[in-house]
């Protein structure tokens, strides 16, 4: 593969194409999410195809690499209602998984801050309080401290990152709190508590 130079003109065309998707699908309903996503996918593939062509990749090889992306695009723009519903369910499932992971990351942040702000409190006690507040229960309906401890342990792993979204949200959220209130873990915990109360209606 040879080095590639992307012109400023093409970048402007690419950015304008993505901007147009926001204008054409502005409201965020399910249908607009699907339509805007399909249009955005088209522009991303166009950018990738242009780059790979400039680098010397054959059309046949590109066809192989983009086959599933093109199939997804075809499903997104299909007028068939059943196909649209399937894609919508996939998008909703993806969003639910994302939101759940962010929620887990913030439970891990809360445990991290409690351990720093109140070192005399045991990890299990702190984790149980968070699990109770977030309604993370085991099969017997008891707050599942082990899960909260597990999310914190996983989020703090450096390499390899088995759950990159969990780690990324954990680090970003924790960094934002530490930057806002340097060397004040209890104040950081208060800000965290206000955030989870606002976003998930969790009182702790």
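Give the shape of region 8-77 as rounded, prolate or oblate, defined through the alpha-carbon gyration tensor: a ≥ b ≥ c are the square roots of its eigenvalues, a/c under 1.5 means rounded, and otherwise the shape is prolate if a/b is larger than b/c and oblate if not. Since a/c reaches 1.5 but b/c is at least a/b, the shape of region 8-77 is classed as oblate. Projected label points at residue 204 and residue 156, each 7 Å from Cα along the beta carbon direction, are separated by 1.5 nanometres. Could you let me know the centre-to-centre spacing of region 131-203 and region 29-78, using Cα atoms, in angstrom? The two parts, judged by their Cα centres, are 36 Å apart.
Answer rounded, prolate or oblate for the chain, using the Cα gyration tensor with square roots of eigenvalues a ≥ b ≥ c: rounded when a/c is under 1.5, else prolate when a/b is larger than b/c, else oblate. Taking the square roots of the gyration eigenvalues as a ≥ b ≥ c, the chain is prolate.
Projected label points at residue 6 and residue 74, each 7 Å from Cα along the beta carbon direction, are separated by 2.7 nanometres. Counting neighbouring beta carbons within 10 Å and listing from fewest to most, the residues 118, 192 come out as 118, 192.
The angle separating the long axis of helix 185-200 from the principal Cα axis of greatest extent in the chain is about 60 degrees.
What is the gain in length, in nm to one decimal, between residue 187 and residue 139 on full extension, counting 0.36 nm per residue of separation less the C-alpha to C-alpha distance? Each step should come with its number before you reach the end.
On the way: separation 48, 0.36 × 48 = 17.28 nm, distance 3.41 nm.
Result for the pair: 13.9 nm of gain on full extension.
Round to the nearest 0.05 the FRET efficiency obtained for residue 49 and residue 118 when R0 = 45 Å and r is the Cβ-Cβ distance. It would help to have the intermediate numbers written out before the result.
Values: r = 55 Å, r/R0 = 1.23.
E between residue 49 and residue 118, to the nearest 0.05, is 0.25.
Taking the C-alpha atoms only, the angle from helix 145-156 to the longest principal axis of the chain is near 50 degrees. Rounded to the nearest 500, the helix-only mean residue ellipticity at 222 nm of the chain stands at -25500 deg cm²/dmol, with each DSSP H run of n ≥ 4 adding -39,500 (n - 2.57). Rounded to the nearest 10 degrees, the inclination of helix 81-117 to the longest alpha-carbon principal axis of the chain is 30 degrees.
Values in this text are rule-based calculations from the coordinates and carry no lab data. All figures in this text were calculated on a predicted structure; none of them were measured in a lab. Counting neighbours? That spans all protein chains shown, and the Cβs are built from the backbone with ideal geometry, glycine included.
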